[in-house]
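Everything below concerns the one structure shown next.
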Amino acid sequence: MKHVVIIGGGFGGLYCARALADAPVRVTLLDRRNHHLFQPLLYQVATAALNPADIAQPIRAIVRKQPNIEVLLAEAKSIDAAGRRVLLDDGNALDFDYLVVATGATHSYFGHDEWEAMAPGLKTVEDAIEIRKRILSAFEEAESARDAKVQREWLTFVVVGGGPTGVELAGAISEVAFHALTRDFRRIDPRQARVLLLEGTPHLLGAYPDVLQQKARKQLGQLGVQVHTEARVTGIDDSGVTVHFKSGEERITARTVLWAAGVAASPLARSLGVPLDRAGRVLVTPTLNAPGFEHVFVIGDLAAVKQENGQLVPGVAPAAMQEGRYAAQAIVDLVHEKPIFAHPFSYLDKGSLATIGRKKAVADLPGHVRLSGLIAWLAWLFIHIFFLIGFRNRILVIIEWAWQYLSFKRGSRLITGPPVAHAEAHTEVGIPPARAEQTSTISRPN
């Protein structure tokens, strides 16, 4: 029986594995984590709206009814495509007849990897927990600070990157400050928080139509987020960011900086020895193969897939799902010695959605259907619930969201891990300044 190895338990890898349930093959699904993560809702974990378990499901539990699938908790270090072997982190190797590489993408700091320690990105559960700690700790540090200047530094949040992740993070942080925490502190008013969203290009949500870009910017403003486009970050350190605006360079002092500006393909792609694009993605064939290797498929965020119109297939969950199912069918065809080149991959665009806050979202759907506000938010909510894997996850998320909607509360406000450095926050002892004496350039949203 032919052996199929799938590297990565994300949307692409998991949907490929499930599509091979009845195929005459033996499947090994390999991932360095034991769970499938619903990444589109990761920012809700980062902003204390959901628990990690609400958006994650053990991979073994998902595929336990498929007797031809074995799950292996390990990390692939390199691929010998010609020799049909995957080298693992423990020194062992997996032989394969067919390989599906779906290891996704990671953060890209555009050559400034030293920024990662000061400005974490959001790709994993660990990232989300770290960001949650930094956001919640910032309010705690501001409450403990005796100096008004230090308080303002802790109450300033900078999100770098105006794509969907950056927009969602900025909106959610503002809702935490202006609603969830308003009555929880005695020395500070969380509504004095400043949330800045910095985007290097002229537009937010660059892949969306102009009308939705403008609506997204307006809705962010209603939440109290300061949006700056054509604002290119040139430096990040422990106390803030340096930004190049059209008017010149400016320093923004902030103790919490979050990164949502760029992604790079998993470095595993380099071991294939095939052409890559500038982001490190494999320039796959029309049948999603690594060039020169009919038995190796590359899908999801790791693949640069060109559509008929010349544009690349977007790195979104529905695309990865479709590619996973296609790769599974192509493997079945190869096993039965059928040609796959007569049926190249064709992406069915199901639209794009981005949530900004409570009753605030934008949606670009097929047929030039463009929604914003409450109706887009409802569409976003139900679509994401639909794609959550596991009945338990759907019920929990619905309950959590219903509670948040009615109460503006966030139920996952746990600070875990090592504490955030206090720096000079407690060097001055005395009576904290009154709330009325604090200043902010953000007005409170209605």
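Taken together, the values in this text are just the output of simple stated rules run on the coordinates, not laboratory data. The structure displayed is predicted, hence computed values, not measured ones. Cβ coordinates were reconstructed from backbone atoms using ideal geometry, including for glycine residues, and neighbour counts include every protein chain displayed.
Treat every Asp and Glu Cβ in the chain as -1 and every Lys and Arg Cβ as +1, leave all other atoms uncharged, and give the resulting dipole magnitude about the Cα centre to the nearest 20 debye.
Here the size comes out at about 1360 debye.
Please report THR229, THR242, THR234 as a ranked list, fewest other C-beta atoms within 10 angstrom at the top and most at the bottom. Each step should come with its number before you reach the end.
On the way: THR229 17, THR242 14, THR234 10.
Starting with the residue having the fewest Cβ neighbours, the order is THR234, THR242, THR229.
Apply the Karplus parameterisation 6.51 cos²θ - 1.76 cosθ + 1.60, with θ equal to phi minus 60°, to every residue of segment 216-221 and state each ³J(HN,Hα) to the nearest whole Hz, in sequence, with x for glycine and proline.
5, 5, 5, 5, 4, x
Quick one: if the Förster radius is 60 Å, what FRET efficiency do VAL369 and ASP90 give, using the C-beta to C-beta distance and rounding to 0.05?
Once the sixth-power term is evaluated, E becomes 0.75.
Mind pulling the per residue volume of the convex hull built on the Cα atoms of the chain? Å³ is fine.
Measuring per residue, one finds 149 Å³ for the Cα hull of the chain.
Once phi is turned into θ = phi - 60°, what whole-Hz ³J(HN,Hα) does the Karplus curve with 6.51, -1.76 and 1.60 give for every residue of segment 288-305, x standing for Gly and Pro?
3J(HN,Hα) across segment 288-305, in whole Hz: 6, 8, 5, x, x, 10, 5, 8, 10, 10, 10, 9, x, 5, 7, 10, 9, 9.
Starting from the amide H of VAL227, placed 1.01 Å from N in the peptide plane, find each other amide H under 5 Å away whose residue is 5 or more places distant or on another chain.
The list, which skips near neighbours in sequence, is LEU197.
For VAL233, enumerate residues with amide H under 5 Å from its amide H, sequence gap 5+ or separate chain, H modeled in the peptide plane.
For VAL233, whose amide H was placed from the backbone, the distant partners under 5 Å are HIS244.
In deg cm²/dmol, rounded to 500, what helix-only [θ] at 222 nm does the chain give when every DSSP H run of at least 4 residues adds -39500 (n - 2.57) and the total is split over its residues?
So the calculated ellipticity at 222 nm is -8500 deg cm²/dmol.
Send over the semi-axes of segment 275-404's equivalent ellipsoid, whole angstrom and largest first, taken as the square roots of 5 times the C-alpha gyration tensor eigenvalues. Please report the intermediate quantities before stating the final value.
On the way: eigenvalues 227, 63, 33 Å².
Semi-axis lengths for segment 275-404 are 34, 18, 13 Å.
Show me the ranking of peptides 162-172, 97-107 by mean Cβ neighbours inside 10 Å, starting with the highest.
Highest-to-lowest ranking by the protection proxy: 162-172, 97-107.
Could you give me the radius of gyration and the Dmax of segment 150-220, taking only the C-alpha atoms into account and expressing both in angstrom?
Considering segment 150-220 through its Cα atoms, Rg and Dmax are 13.8, 44 Å.
Pop out the ³J(HN,Hα) list for segment 364-373 in order, Karplus 6.51 cos²θ - 1.76 cosθ + 1.60 with θ = phi - 60°, rounded to Hz; leave Gly and Pro as x.
10, 9, x, x, 6, 8, 10, 10, 8, x
Between segment 70-98 and segment 290-333, what's the alpha-carbon centroid distance in Å?
The distance from the Cα centre of segment 70-98 to that of segment 290-333 comes to 20 Å.
Cα to Cα, under 29 Å, and not fewer than 8 places away if on the same chain: which lysines meet these conditions relative to LYS338?
LYS2, LYS65, LYS306
Net charge near ALA142: determine it from the other residues with C-beta under 9 Å of the C-beta of ALA142, scoring Lys and Arg +1 and Asp and Glu -1. Intermediate results must be reported in sequence, preceding the final value.
Values: positive: ARG152, ARG187, ARG255; negative: GLU140, GLU141, GLU143, GLU153.
Net charge in that neighbourhood comes out at -1.
Which of ILE395, ILE62 comes first, and how do the rest follow, when ranked by fewest Cβ neighbours within 10 Å?
Placing the least packed residue first, the sequence is ILE395, ILE62.
Taking every DSSP beta bridge with both residues inside the chain, roughly what % is antiparallel (nearest 5)? Mind showing how you got there, number by number?
On the way: 37 of 71 bridges.
If I count the DSSP bridges inside the chain, around 50 percent turn out antiparallel.
Hey, could you get me the Stokes-Einstein D for segment 150-282, Kirkwood radius over alpha-carbon pairs, 10 °C and 1.306 mPa s, rounded to whole µm² s⁻¹?
Approximately 98 µm²/s, per Stokes-Einstein.
So who's got an amide H within less than 5 Å of the one on ALA48, skipping anything under 5 residues away but keeping other chains? H placed 1.01 Å off N, in plane.
Amide H neighbours of ALA48, under 5 Å, 5+ apart: none.
Order by neighbour count: ASP80, ASP364, fewest other Cβ atoms within 10 Å first, most last.
ASP80, ASP364
Set the Förster distance to 22 Å, then compute FRET efficiency between GLN214 and PHE245 from the Cβ-Cβ distance, nearest 0.05. Mind dumping the intermediate values first?
Numbers: r = 20 Å, r/R0 = 0.92.
Working from the Cβ atoms, E equals 0.60.
Around ILE59, with a cut-off of 10 angstrom between Cβ atoms, what is the net charge of the other residues, counting Lys and Arg +1 and Asp and Glu -1?
Net charge around ILE59: +2.
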